[in-house]
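Structure first, commentary second.
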Amino acid sequence: MPRCCRPLLLAAAALVLSRSAVAQRRFPPDSFTNLKVLPKNIDQRTLLATMRGFAMALGVRCAYCHVAPREDAPLDSIDFAKDDKRTKRAARVMLDMVHHINDEHLADVPERPTPKVEVRCVTCHRGVARPRLLDDELALTLADSGLEAVARRYRDLRQRYYGSGSYDFREIVLTEVARSEARAGRLDNAIGLLNLNAEFNPTSAQIPAALGDVMLQKGDTAAAIAQYRTAVGRDSTFGLARMRLRQLTGGPGRRP
Ligand code: HEC
Ligand code: HEC
């Protein structure tokens with residue numbers, strides 16, 4: 001070989017080597033080598049449909065559970081058989097749990113009505129990887145990081161998930177978190193949460209009524225009366241708010 005061309009040839013060989021080292025696994029793989037819960041003889045289509053189901057149920061991509069160079073890495077660069085990610089190992093526990101629930105616990109339900117309701121990943125997860133309910137999420141954020149953080153968190157979740165069914169954004173949820181703060185004597189938190197709630201539900205009668213209760217607890221009768229008046233003004237059939245008004249003023253809560 002002429003001297004001049006050796007470096008070129010070496011460079012070309014190195015290129016070929018590095019390309020094959022980076023990726024070029026086949027996707028989908030012809031066989032699965034590390035199934036511990038799913039049946040070992042599962043066919044390719046069923047396995048992939050199951051995996052897509054996992055991703056949908058948790059609102060994540062394949063790389064959430066599988067070792068990959070990046071989150072949006074091409075499928076043929078992912079080593080699906082590896083168990084290095086905690087989330088993949090957690091998903092195995094979940095698979096096992098779902099089998100137990102369906103095959104053992106639910107099978108024992110007395111006179112189980114048909115057609116049966118079966119539990120799936122999405123039954124609990126609803127598009128969220130750690131399926132915490134909204135009230136728990138808010139109470140936790142409040143305890144950890146305070147009122148401003150909880151308002152940011154609520155706006156964030158609402159923006160991202162409204163309409164998806166992942167979280168329950170009905171006004172009652174925030175009102176109940178506020179009431180539980182009031183019961184614990186944290187009145188400023190309760191007022192902050194109710195004001196936040198009112199931003200998204202400007203015609204609610206329940207929210208001013210709940211604010212009225214907090215004002216009473218605070219000993220601010222005038223503010224309480226104003227809130228109950230707003231509540232009754234928005235819903236003239238609101239018995240509880242009318243009753244409170246009657247108790248506090250002896251008057252205008254009465255039906256016309
Ligand atoms: C929530 C976690 C999770 C997500 C998301 C997920 N997988 Fe999996 N995947 C698993 C688990 C757990 C196993 C092993 C199951 C077992 O041990 O029986 C597995 C196994 C596999 C296997 C078989 C590997 C082998 O050779 O043993 C392939 C292929 C695979 N997944 C592809 C995908 C693809 C493609 C996606 C995205 C559409 C995906 N997975 C999303 C958890 C997940
Ligand atoms: C009975 C309700 C329920 C069902 C059904 C369920 N999960 Fe979970 N899953 C949970 C809960 C609750 C957590 C959070 C546990 C914690 O971190 O405290 C969780 C956590 C996880 C995690 C870890 C998430 C993280 O980031 O820490 C993965 C992965 C997961 N589940 C996958 C699945 C898959 C896949 C299925 C279906 C095979 C499934 N789950 C079915 C309730 C459920």
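Using r as the Cβ-Cβ distance of Lys85 and Tyr162, and R0 as 25 Å, what FRET efficiency do you calculate, to the nearest 0.05?
Computed FRET efficiency for Lys85 and Tyr162 comes out at 0.25.
So what are the radius of gyration and Dmax for the Cα set of the chain, in Å?
So, for the chain, Rg and Dmax equal 28.8, 110 Å respectively.
Only Lys, Arg, Asp and Glu count, each charged at its Cβ (+1, +1, -1, -1), so figure out the dipole size of the chain about its Cα centre, rounded to 20 debye.
560 debye
Compute from the Cα atoms of the stretch 155-210 the Rg and the Dmax, the latter being the longest Cα-Cα distance, and quote both in angstrom.
11.5, 34
Can you pull the one-decimal nm distance between simple spin-label points at Arg61 and Thr46, each 7 Å off the Cα toward Cβ?
So the label points at Arg61 and Thr46 sit 2.9 nm apart.
Evaluate the distance, in nm, between pseudo-label points positioned 7 Å from the Cα of Arg246 and of Cys124 along their respective Cα→Cβ axes.
4.8 nm
Roughly how tilted is helix 134-161, in degrees to the nearest 10 and between 0 and 90, from the longest Cα axis of the chain?
Computed tilt is about 70 degrees.
Pairs Lys36/Lys88; Lys40/Lys116; Lys40/Lys88: which exceed 20 Å Cα-Cα?
Flagged as over cut-off: Lys40/Lys116.
How large is the accessible surface per residue of the chain, computed with a 1.4 Å probe and reported in Å² as a whole number?
The answer is 65 Å² per residue.
Between Leu187 and Glu111, what length in nm is gained on full extension when 0.36 nm per residue of separation is reduced by their alpha carbon distance?
22.6 nm
With everything on Cα atoms, drop me the angle between helix 6-22 and the longest principal axis of the chain, reported from 0 to 90° to the nearest 10.
Once rounded, the angle reads 40 degrees.
Efficiency by 1/(1 + (r/R0)^6): what FRET value for Asn102 and Gln217, r their Cβ-Cβ distance, R0 = 30 Å, to the nearest 0.05?
Once the sixth-power term is evaluated, E becomes 0.05.
Are there any GluC sites (Glu not before Pro) in the stretch 101-134 that are in a DSSP loop and have at most 16 other Cβ atoms within 10 Å? List them by number.
Passing both the DSSP loop test and the Cβ count: Glu111, Glu118.
Report, to the nearest whole %, how much of the accessible area of the stretch 134-249 belongs to carbon and sulfur atoms, 1.4 Å probe, protein only.
That fraction is 47 percent.
Shape verdict for the stretch 134-249, please, from the Cα gyration tensor: rounded (a/c under 1.5), prolate (a/b greater than b/c) or oblate.
Oblate is the answer for the stretch 134-249, as a/c is 1.5 or above yet b/c matches or exceeds a/b.
The values are calculated or read from the model by the stated rules, or taken from the named source; none is laboratory data. Since we're looking at a predicted model, the values are computed, not measured. Neighbour counts are summed over all protein chains in view; Cβ atoms, including those assigned to glycine, are modelled from backbone coordinates with ideal geometry. SASA here: full protein model, heavy atoms, side chains in, ligands and nucleic acids out. Shrake-Rupley method; radii C 1.70, N 1.55, O 1.52, S 1.80 Å.
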